[in-house]
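Q: What follows is a single structure, and I will ask about it in a moment.
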Amino acid sequence: FAAATDTNTVWLISPSGKALERIDASLQEQYPQIIGVTLNNPTAGQTVTAVNQSALDAVLSLFSELDGTGILEHTASVNVEYDIVLQYDDRYEIDLGSTDRLDYKVQYLQAILKELSDFQAGTIDLTLSEANRAKFHPKA
């Protein structure tokens, strides 16, 4: 995953939060993006920290929950500027809200993805704001 730093560079980080390598900013679009996190001067092989550590912690918690589900391989971006929003390929925007009950939300998401057909696209609302129910809003 590619993330920006506080020195206007771009680093690749592993799903476990280790700095892998610095990349040219022009290559950033070739990698899944982490949006809303600014890394603090990473060192290759070391665990990264961020200016906004709580946002990085939310991303790493999500990656931990998604590990082994097959969803990480389809993740185009994770945006934590406000809520946690995951872009799944170019088909689904998945709004997870906060990290509350993240394990449950990921299990729920897996069940939803199994039910949706290959041609569907849209927004999956997993904020659980309405009676602990997910909502799917198809693209128009």
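Q: Find the centroid of the Cα atoms in the stretch 46-76 and in the stretch 83-140, then give the distance between the two in whole Å.
A: Answer, in whole Å: 17.
Q: Please give the helix 102-115 orientation as an angle from the longest Cα principal axis of the chain, in degrees from 0 to 90, rounded to the nearest 10.
A: The two axes meet at around 60 degrees.
Q: Using a 1.4 angstrom probe, figure out how much accessible area the chain has per residue, in square angstrom, rounded to the nearest whole.
A: 55 Å²
Q: Can you tell me what share of the DSSP beta bridges in the chain is antiparallel? A percent to the nearest 5 is fine.
A: 70 percent
Q: Between helix 53-66 and the chain, what is the angle of the helix's C-alpha long axis to the longest principal axis, kept within 0 to 90° and rounded to the nearest 10?
A: 50 degrees
Q: Return the FRET efficiency for the residue pair residue 25, residue 115: r is the Cβ-Cβ distance, R0 is 35 Å, and the value is rounded to the nearest 0.05.
A: Efficiency, rounded to the nearest 0.05: 0.35.
Q: Give the accessible area for residue 10 in Å² (nearest 10); use a 1.4 Å probe, count only protein heavy atoms, and leave out ligands, DNA and RNA.
A: Residue 10 has an accessible surface of roughly 10 Å² with all protein chains in place.
Q: Send over the per residue convex hull volume for the chain, Cα only, as a whole number of Å³.
A: Per-residue hull volume (Cα only) is 111 Å³.
Q: Next question. Counting only protein heavy atoms and using a 1.4 Å probe, what share of the accessible area of the chain belongs to carbon plus sulfur, as a whole percent?
A: Its accessible area is 46 percent carbon and sulfur atoms.
Q: With a/c under 1.5 counting as rounded, go ahead and sort the stretch 22-74 into rounded, prolate or oblate using the C-alpha gyration tensor (a ≥ b ≥ c being the square roots of the eigenvalues; past the cut-off, prolate if a/b is larger than b/c, else oblate).
A: Oblate, because a/c is 1.5 or more while a/b does not exceed b/c.
The values are calculated or read from the model by the stated rules, or taken from the named source; none is laboratory data. No experiment lies behind these values; they were computed from the predicted model shown. Here Cβ is always computed from backbone atoms with ideal geometry, including for glycine, and neighbour counts include all displayed protein chains. Quick note on the areas: whole protein, heavy atoms, side chains included, nothing else; ligands and nucleic acids left out. Shrake-Rupley method; radii C 1.70, N 1.55, O 1.52, S 1.80 Å.
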